[in-house]
Amino acid sequence: MRRTELLQEIRQMRFEEAYGGWDSGRLTQAEAARLLGVCERTFRRYMARYEASGLEGLIDLRLEQVSHKRAPVDEVMQMTEHYRQRHEGWSAKHFYAWYRREGGGRSYTWVKSRLQEAKLVPKAKARGTHRKRRDRSPWPGLMIHQDGSRHEWVAGQKWDLIVTMDDATNEHYSMFFVAEEGTASSLQGVKDVIASRGLFSSFYSDRGSHYWYTPEAGGKVDKRNPTQFGRAMQRLGIEMIAAYSPQARGRSERMFRTHQERLPRELSLAGITDMSQANRYLADTYRPTFNAEFMQPPMEEGSAFISWIGGPLEDILCERFERQVGADNCVSFEGLKLQIPADRYRCHYVKVKVSVLRRIDGSLAVCHGPRLLAEYASNGQLRSGNQKAVA
């Protein structure tokens, strides 16, 4: 029985009690009306309808009327059939986002209710105990989150999704798939943020080995012994903050649950099975749509981003290794021999300490102080001997 029908029956029983009290003289009209929670005028109307038609006269005729706003049956059937054929397994909120993109004009509650009535979407379980969440940063650019999630985004293939987002607004500045999360993918996410928005203040992440050195498993990170990624952040003046539990990264964890529910279905619907195609879909379609739906306005007006004017980012957001030049004027690096070409500053660099830069794209460079001596492909092939300053 619907709630409105139940309330209708309760009102009928309460009216009989109030009417009997008035008819026997135990109650005045004002007291009987107060018992029903209505005014005296409404009670007199009920009396007239009751005396004319009995309890049937008290039935609210609106319960038998069909609302003029009710959707046509064909529209409901078309929507539910479309869900069955192409969107099975999607959550109501995810399907509604697609429904609105396709020009649907009904509300989210209407769409969810119709899907639940058709047994296509289960009703959500009752929420647990309320827990107070940490307040967001007041301005964009004060804190950036980065995390990765390994998942079967495409049938039969597991990739890592790297997401770099703003704590203040939930805006995703960077999203891409890689075969395996590591230093290069983390640096790429930071580079995307700085290139599009500017330099930010702090970086929040888990205790992954490419972010931090952790002397004891499950213990505190060693802030005095930074990783390659940590040294890159130091060169930029960005503070790193380590999270010590999944609950501390709750915002990222919730976002990844949403991505794991939505993204595989969208990639499947678009017929995407290749990583390069999936990354194009993320950049062109998924990320803009996701931001439009889930971004929050900042708590305060303003921005903590600072425009980057410090030179090529690829020479800062990279891995750096100290090496000594051998007697053959070559640098040995991970099984490669990097030949230093002749230049006008020195006859040779034998026994000189130099820096080897491994950039995000895998290319290499050899530097002496601030001067770039040479650039190489990832296989050690010399690219250019032009000298220029590096950051």
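A few remarks follow.
- Answer from 89, 104 - the residue that is in contact (Cβ under 8 Å) with a residue 60 or more places away in the chain and part of a loop (DSSP other than H, G, I, E, B): 89
- Residue match in the stretch 226-244 (condition: part of a loop (DSSP other than H, G, I, E, B) and hydrophobic (A, V, I, L, M, F, W, C)): yes
- Subset of the stretch 285-320 (residues that are farther than 30 Å from residue 371 by Cα and among the aliphatic types (A, V, I, L, M)): 292, 295, 299, 304
- Failed condition for residue 204, given (1) within 26 Å of residue 309 (Cα to Cα); (2) at pLDDT below 95; (3) open to solvent by 50 Å² or more (accessible area, probe 1.4 Å): (3)
- Pairing each residue of the stretch 112-126 that is closer than 19 Å to residue 98 by Cβ with any residue that is open to solvent by 50 Å² or more (accessible area, probe 1.4 Å), provided the two are 6+ apart or on different chains, yields C-beta distances under 7 Å for 116/123; 120/84; 121/112.
- Exactly one residue out of 327, 304 is closer than 30 Å to residue 197 by Cβ and either modelled with pLDDT of 90 or more or in contact with a helix residue (DSSP H, G or I) (Cβ under 8 Å, 6 or more places away or on another chain) (or both): that is 304.
- For residue 100, the conditions (1) modelled with pLDDT of 90 or more; (2) open to solvent by less than 70 Å² (accessible area, probe 1.4 Å) are fulfilled apart from (2).
- Any hit, the stretch 214-232, residues being under 28 Å from residue 94 (Cβ atoms), open to solvent by less than 30 Å² (accessible area, probe 1.4 Å) and of a type in the set (S, T, N, Q): no
- Qualifying residue in the stretch 214-233 (condition: touching a Ser or Thr at 6+ places or on another chain (Cβ under 6 Å) and of a type outside the set (Val, Ile, Thr)): yes
- Residue match in the stretch 131-140 (condition: closer than 30 Å to residue 239 by Cβ, open to solvent by less than 30 Å² (accessible area, probe 1.4 Å) and part of a strand (DSSP E or B)): no
A quick yes/no check of all residues on (1) part of a strand (DSSP E or B); (2) open to solvent by 10 Å² or more (accessible area, probe 1.4 Å); (3) of a type in the set (Val, Ile, Thr):
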{"residue": "158", "(1), (2), (3)": "yes, yes, no"}
{"residue": "174", "(1), (2), (3)": "yes, no, no"}
{"residue": "177", "(1), (2), (3)": "yes, no, no"}
{"residue": "212", "(1), (2), (3)": "no, yes, no"}
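- Of the criteria (1) in a loop (DSSP other than H, G, I, E, B); (2) at pLDDT 90 or above, which one residue 84 fails: (1)
- Residue within the stretch 268-290 that is of a type in the set (Gly, Ala, Ser), at positive phi, free of Cβ contacts under 8 Å to residues at least 12 places away in the same chain and open to solvent by less than 60 Å² (accessible area, probe 1.4 Å) present: yes
The values are calculated or read from the model by the stated rules, or taken from the named source; none is laboratory data. Worth saying up front: this structure is predicted, and the values here are computed from it rather than measured. FYI the Cβ positions are ideal-geometry reconstructions off the backbone, even for glycines, and counts take in every protein chain you see. Just the protein is used for accessible areas: all its heavy atoms, side chains included, with ligands, DNA and RNA removed. Shrake-Rupley method; radii C 1.70, N 1.55, O 1.52, S 1.80 Å.
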